[in-house]
Every structure is written in C-alpha cells, then in structure tokens.
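This report concerns only the one structure given below.
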Amino acid sequence: MNQNERICHEKTPKGIQTALDTLAMRKPALSSLVSAFGPVLVAKAEVTAGLSENEIEKPDLPELDWVRFSKGVHLFAITGLMDFHQEFKQAAHMILPPMAEAFPDIRSHIEAIENNIADNSLDADECVQAFVQNNTRMIGAFAARAGTGPDIFRFALAQIGQPFKEIQARAFSPLLEDHPWPHGHCPMCGSFPVLAGLIGEEGNRWLQCSVCAHEWRFRRHTCPRCENTDHNSLEYLFDQDSPVKEGERVNICKVCNTYLLTIDLRRHIDPVNMDVAAMGMIGLEIQAREKGFSPQAATLWNSME
C-alpha cells in the first residue's frame with residue numbers, strides 16, 4: 001500500500017475555520033449549519049493541536065496480536081486507549097460550550113455537565129475511566145449526579161474524548177503500514193466511516209473514520225458497513241445542480257439500508273477538511289434519508305433529530 005497516497009486535507013483549527021467560511025460563502029443556505037456546528041469542530045481541533053503524538057508510547061505488539069488484528073480486531077481493542085485524565089477538564093471546558101450552543105434543546109444538560117466537571121463534582125479520572133471502559137453503570141451514575149440522562153452524558157463524553165482518540169490514531173498509524181486491513185470498520189477504533197474520498201489516477205477509495213479520523217484504503221465497489229459487493233444493490237445519488245456533479249455523491253446499499261457520503265478529491269484543487277466537506281453535503285444526506293436509508297456513522301449534525 002502506498003502510504004504517501006492519502007487524503008490531503010486540512011486539520012488545523014485555522015484550516016478548518018477557513019473551510020467553514022468557504023462553505024458558508026459557497027452555500028449560503030448552510031450558513032446556519034456552519035454557525036451551529038463549526039465552532040465544535042474548531043474546538044476539537046484546538047484540543048488535538050495541543051496534544052503531541054510524539055509523546056504517545058507506541059506498543060511493540062507480539063505476532064499473536066497481529067493475528068487478531070488480521071481477523072478484524074481493531075488496534076485500540078488490543079492496546080487500550082491512552083490515559084488523558086490530565087487533559088480531560090481543559091478539553092471539556094473548550095468543547096462543551098460550543099456544543100451547548102449547537103444543541104439548544106439539550107443546552108441546559110450540556111451546561112450542567114460542564115459545570116459539574118469544572119467544580120470537580122465529576123472527577124476527571126472517573127469520567128475518563130467510564131469513557132474508556134464504556135461502563136454503563138458509571139455513566140448512568142455520573143449522568144444522574146449531573147442531572148441529565150445517560151445518553152446525553154455519553155454523547156458529551158464521546159465529543160470530549162474524540163481528540164484523544166484522533167491523536168492516538170495518528171501516533172499509531174505507522175504501526176499499520178505492513179498490516180493489510182480489508183474491513184469496512186476502522187482499523188484503529190472500530191468505528192464506521194463518515195466519508196469516503198476518491199484520490200489518485202485510479203480513483204482509489206479511502207475511508208475516514210467518524211471517530212478517530214484515521215484513513216484507510218478500501219475496495220471501491222463494496223459497502224463498508226456490510227461488505228456487500230452486489231452491484232445490483234449498490235447505487236449512488238448526486239446533486240444535478242451541483243457544479244461538481246458526481247464529484248459529490250452519496251453511495252447507498254440496499255442490503256443494510258445505509259448510505260455513505262463520497263467526495264471525488266480529484267476534482268478539488270485545494271485541500272479540504274473532510275468533516276466540513278461532509279457538512280456541505282447535508283442535502284445529499286437528506287435525499288438518502290427520504291428514501292429510507294440511515295447513515296453508516298453519526299455526525300454532529302445527523303446524530304440527534
């Protein structure tokens with residue numbers, strides 16, 4: 001696999017803000033979407049920018065673990081997640097306020113979680129432990145302490161924890177260079193992709209994880225969710241009014257009834273941010289949903305009705 005042939009896109013806070021401003025200018029109808037969710041993307045990028053992948057110890061995995069990996073066990077399930085309790089409180093302070101603005105229906109709940117973390121009513125170590133272990137009992141207890149529901153508390157934890165998964169994925173990426181991954185779920189964290197990008201002369205398809213932002217190459221005419229290869233049940237939709245036409249499309253699978261946004265990066269001159277690109281394709285998501293299909297992975301703007 002040519003590791004140099006990857007999606008070229010901007011991940012810095014400044015680059016993401018520029019991409020957001022460009023999207024709002026090119027598609028004024030999406031200005032409210034950009035205003036609501038853009039600050040959350042920037043805040044998470046700022047947390048990630050404050051971390052150093054060079055400080056993360058890379059494991060020396062035995063052959064047995066690589067055998068497990070080859071059978072579809074994602075890397076974080078083998079190595080575990082990094083300890084980020086020291087950065088947790090600051091990350092919550094940066095990410096939760098724009099989240100509260102983005103979700104007015106649960107604003108009071110998000111603010112209550114932030115306040116409980118800020119005054120140490122919710123211990124950072126215990127919150128990180130609950131997140132890493134996905135401990136339903138602990139999450140339920142912490143949610144009750146904050147006066148909210150477990151689903152909202154889990155949602156908030158996931159957003160706070162996402163930058164740490166991303167920085168660990170960046171640090172671990174070189175470990176995978178000699179280990180093929182033919183699966184549709186992320187080799188790092190096991191999540192499904194938020195978006196596919198087509199690059200190179202052959203239009204090779206690379207998937208971007210919805211959680212840790214890791215990118216991996218995947219077969220062009222295969223559904224990542226269920227790995228269906230029957231071309232009769234795989235279709236795509238595109239916006240005929242779009243200036244890039246089929247350069248932005250949504251692939252749908254009639255076997256698992258899911259869809260995946262796809263962007264042909266060969267038609268774009270400037271580097272893009274894939275999360276912002278996905279936001280700009282909300283119209284295609286609506287088309288797919290109206291036809292009864294569900295997203296392969298949740299985003300901020302499609303995760304809560």
Among all residue pairs at least 6 apart or on different chains, which show Cβ distances below 7 Å where the first residue, located in the stretch 204-231, is free of Cβ contacts under 8 Å to residues at least 60 places away in the same chain and surrounded by fewer than 21 Cβ atoms within 10 Å (Cβ to Cβ) and the second is assigned to a helix (DSSP H, G or I) and of a type outside the set (S, T, N, Q)? His221/His231
Which ones in the stretch 151-186 are in contact (Cβ under 8 Å) with a residue 60 or more places away in the chain, open to solvent by 30 Å² or more (accessible area, probe 1.4 Å) and closer than 21 Å to Ser294 by Cα? Phe155, His183, His185
Just name the residue that is most open to solvent (accessible area, probe 1.4 Å) out of those in the stretch 282-298 that are over 9 Å from Leu261 (Cβ atoms) and of a type in the set (D, E, K, R). Glu290
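Any residue that is more than 18 Å from the chain's Cα centre (by Cα), at pLDDT 90 or above, part of a loop (DSSP other than H, G, I, E, B) and within 30 Å of Val73 (Cβ to Cβ) - is there at least one of those in the stretch 288-298?
Of the stretch 288-298, the ones more than 18 Å from the chain's Cα centre (by Cα) are 288-293.
With the extra rule that they be at pLDDT 90 or above, the set shrinks to 288-293.
Filter once more, so that each one left must be part of a loop (DSSP other than H, G, I, E, B): 291-293.
Now restrict to residues that are within 30 Å of Val73 (Cβ to Cβ): 293.
The answer is yes, given that some residue of the stretch 288-298 is more than 18 Å from the chain's Cα centre (by Cα), at pLDDT 90 or above, part of a loop (DSSP other than H, G, I, E, B) and within 30 Å of Val73 (Cβ to Cβ).
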Of the conditions (1) open to solvent by 60 Å² or more (accessible area, probe 1.4 Å); (2) over 22 Å from Ser210 (Cβ atoms), Ala141 fails just one. Which one is it? (1)
Test set (1) free of Cβ contacts under 8 Å to residues at least 60 places away in the same chain; (2) part of a loop (DSSP other than H, G, I, E, B); (3) open to solvent by less than 20 Å² (accessible area, probe 1.4 Å) - Cys256 fails condition number: (3)
In the set Ile110, Ile95, the lone residue that is more than 18 Å from the chain's Cα centre (by Cα), within 22 Å of Gly161 (Cα to Cα), at pLDDT 95 or above and open to solvent by less than 90 Å² (accessible area, probe 1.4 Å) is Ile110
Can you tell me which residues in the stretch 113-133 are buried (at least 20 other Cβ atoms within 10 Å of the Cβ) and farther than 24 Å from Asn302 by Cβ? Asn116, Ile117, Leu122, Cys127, Val128, Ala130
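Per-residue answers, yes or no, for (1) β-branched (Val, Ile, Thr); (2) under 20 Å from the mean Cα position of the chain (by Cα); (3) farther than 16 Å from Pro295 by Cα:
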{"site": "Met188", "(1), (2), (3)": "no, yes, yes"}
{"site": "Gly203", "(1), (2), (3)": "no, no, yes"}
{"site": "Cys226", "(1), (2), (3)": "no, yes, no"}
{"site": "Val255", "(1), (2), (3)": "yes, no, no"}
Flagged pairs (Cβ under 6 angstrom, 6 or more apart or on separate chains; first in the stretch 1-23, of a type in the set (Lys, Arg); second surrounded by 14 or more Cβ atoms within 10 Å (Cβ to Cβ) and modelled with pLDDT of 65 or more) are Arg6/Glu215
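A quick yes/no check of all residues on (1) under 20 Å from Cys186 (Cα atoms); (2) at pLDDT below 95:
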residue: Gly15; (1), (2): no, yes
residue: Thr18; (1), (2): no, yes
residue: Glu46; (1), (2): no, no
residue: Asn54; (1), (2): no, yes
residue: Glu57; (1), (2): no, yes
residue: Phe69; (1), (2): yes, no
residue: Met99; (1), (2): no, no
In the stretch 65-89, which residues are open to solvent by 70 Å² or more (accessible area, probe 1.4 Å) and not in a helix (DSSP H, G or I)? Lys71, Asp83
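Filter the stretch 37-64 for residues that are assigned to a helix (DSSP H, G or I) and open to solvent by less than 30 Å² (accessible area, probe 1.4 Å) and give the result.
Phe37, Gly38, Val40, Leu41, Val42, Ala43, Lys44, Ala45, Val47, Thr48
The values are calculated or read from the model by the stated rules, or taken from the named source; none is laboratory data. Computed from a predicted model, the values in this text were never measured in an experiment. Glycine also receives a Cβ, built like all others from the backbone with ideal geometry; neighbour counts cover every protein chain displayed. Protein only, heavy atoms only, side chains kept; ligands, DNA and RNA dropped before computing areas. Shrake-Rupley method; radii C 1.70, N 1.55, O 1.52, S 1.80 Å.
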